[in-house]
Amino acid sequence: MKKNLILFLLSFFLSAFSQSPYEKVNATPRVHQPHTKPNQQRVKVGAEQTDQYFPLLEGKRIAVLSNQTGMVGKEHLVDLLKRNHFNIVGIFSPEHGFRGTADAGEQVADSVDKKTGIPIWSLYGVKGGKPSAEKMNRFDVLVFDLQDVGTRFYTYYITMAHMMDACAISEKKMIVLDRPNPNGFYVDGPLLDMKYRSGVGWLPIPVVHGMTLGELALMINGEKWLSNGRICDVTVIPCENYTHQTLYELPIPPSPNLPNMHAVYLYPSTCFFEGTVMSLGRGTPYPFQVYGHPNYKGSTFWFVPRSIPGAKKPPFLNQKCYGVDLRNIPDKQIQNNGLDLSWIIDAYNNLQIGESFFTPFFEKLMGVDYVRKDIIAGKSAKEIKAKWVNDVQKFKKQRKPYLLYDE
């Protein structure tokens, strides 16, 4: 009897200490969505609308362009198609690779998917961003499924544009399985001056364009933005229960250095630090959520960048960087402020190194040359932002025919 009592008590305590409080502490924080109503219907991504695109794949040789975000519930799109006996001949992977673990800008080699044995063809770093004619001839239809974050310098839309051009040249069908834009509730920033066109800015759109990739695909065709005015035979499978005011929480980080929704909301503003001498927290658990420099003055907050997966060689590796912690700013405040230059201006004024604060990459990210000049001239964030108001209004009017979802 005594032995049974001891076993019962032991079982009780083990059960109690394995419950949710410990799971919650160790779980990835989930960000509150202030605009989402409690009774709002669940957003269904394009990949879930199988009745709309499965018929288009029957009897076809299929290539899939996706990465770790291409989930359909708890199953990856590739596995879903494989389970339904579709003929997948290859997988194209974008920046960060098919599993989404490579550093920003890191060359990713071709490989084979261990689970399915399907060849993986890396697109990032490929000349012109397009596969060879030999690879294009291996398939009949391309299924595109990537989770974007809605900025001009996030490269997945560029990958899409290159593949639309390649499909147009090769007369291949392309199907875009649409996903919500987590920053789709606003438009902000200057239009790209095409003299600064680069691998982090390809189309004449604002820094924050407020569109899904499906909508952008329609706009690329409609505005004839492909080379020589080519048109891609593209079909967009839209999301259900989504509008541009839906605050959609990403179920999977879209890339190694955007680990949570707070980083995703800050990213349109803090990414500009990539074009300066500052660290924005690469090599820490909170990239794009802090900024700092060994010579930043007057701050007790500091961090030390380390070599970690997704940030193997971060700026100021193993050096103590003093700076500013943005992790406690409410998401609602970030959303209301939109693109915010105040942090760049603060860091510029703090370091007191003048023009040396910026690198040439700054203009590629910003897309225009006047912002650097205005910061050096001492203008405020509000004064600079006023300069691109007309750009925003012009673009919102231009994009309207291509929107699939209510604004």
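Among Lys224, Lys297, which is the only one that is within 25 Å of Thr359 (Cα to Cα) and among the basic types (Lys, Arg)?
Criteria check complete, one pass: Lys297.
Looking at Asp103, Asp110, which is the one that is at pLDDT below 95 and surrounded by fewer than 18 Cβ atoms within 10 Å (Cβ to Cβ)?
Unique residue meeting the criteria: Asp110.
Taking the stretch 66-90 as the search range and keeping residues that are modelled with pLDDT of 95 or more and within 14 Å of Ser111 (Cα to Cα), which one is surrounded by the fewest Cβ atoms within 10 Å (Cβ to Cβ)?
Among those residues, the one meeting the criterion is Val89.
Restricted to the stretch 21-64, and to residues that are in contact with a Leu (Cβ under 6 Å, 6 or more places away or on another chain) and at pLDDT 50 or above, which residue is nearest to Ser93 (Cα to Cα)?
So, considering only residues that are in contact with a Leu (Cβ under 6 Å, 6 or more places away or on another chain) and at pLDDT 50 or above, the one nearest to Ser93 (Cα to Cα) is Ala63.
Can you name the condition, by its number, that Leu317 falls short on among (1) in a loop (DSSP other than H, G, I, E, B); (2) at pLDDT 95 or above; (3) under 23 Å from the mean Cα position of the chain (by Cα)?
The one condition Leu317 does not meet is (3).
Testing Pro253 on (1) more than 18 Å from the chain's Cα centre (by Cα); (2) surrounded by 18 or more Cβ atoms within 10 Å (Cβ to Cβ); (3) not acidic (Asp, Glu), one condition comes back false. Which one is that?
Checking Pro253 against (1) more than 18 Å from the chain's Cα centre (by Cα); (2) surrounded by 18 or more Cβ atoms within 10 Å (Cβ to Cβ); (3) not acidic (Asp, Glu), the one that fails is (1).
Quickly run through the stretch 208-232 and pick out the residues that are crowded, with 18+ Cβ neighbours inside 10 Å, of a type outside the set (Ser, Thr, Tyr) and assigned to a loop (DSSP other than H, G, I, E, B).
His209, Gly210, Met211, Trp225, Leu226, Cys232, listed by residue number.
Quick check on the stretch 185-195. Is at least one of its residues surrounded by 23 or more Cβ atoms within 10 Å (Cβ to Cβ) and basic (Lys, Arg)?
no
Would you be able to tell me the number of residues in the stretch 353-407 that are within 26 Å of the chain's Cα centre (by Cα), over 25 Å from Gln245 (Cα atoms) and β-branched (Val, Ile, Thr)?
Of the residues in the stretch 353-407, 4 are within 26 Å of the chain's Cα centre (by Cα), over 25 Å from Gln245 (Cα atoms) and β-branched (Val, Ile, Thr).
Looking at the stretch 320-332, can you tell me whether even one residue there is among the hydroxyl-bearing types (Ser, Thr, Tyr), surrounded by 20 or more Cβ atoms within 10 Å (Cβ to Cβ) and outside any loop (DSSP other than H, G, I, E, B)?
Checked the stretch 320-332: no residue is among the hydroxyl-bearing types (Ser, Thr, Tyr), surrounded by 20 or more Cβ atoms within 10 Å (Cβ to Cβ) and outside any loop (DSSP other than H, G, I, E, B).
Counting only residues that are outside any loop (DSSP other than H, G, I, E, B) and surrounded by fewer than 18 Cβ atoms within 10 Å (Cβ to Cβ), how many does the stretch 296-314 have?
The qualifying residues number 2.
Within the stretch 126-180, restricting attention to residues that are β-branched (Val, Ile, Thr) and in a helix (DSSP H, G or I), which residue is farthest from Gly214 (Cα to Cα)?
Step by step, filter the stretch 126-180, then rank; the result is Ile169.
Is one or more of the residues making up the stretch 355-370 surrounded by 15 or more Cβ atoms within 10 Å (Cβ to Cβ), of a type in the set (Gly, Ala, Ser) and not assigned by TED's automatic domain parsing to the domain that holds Glu274?
no
The values are calculated or read from the model by the stated rules, or taken from the named source; none is laboratory data. Since the model is a prediction, treat every value here as computed from it, not as a measurement. Backbone-built Cβ (ideal geometry, glycine too); neighbour counts: all protein chains shown.
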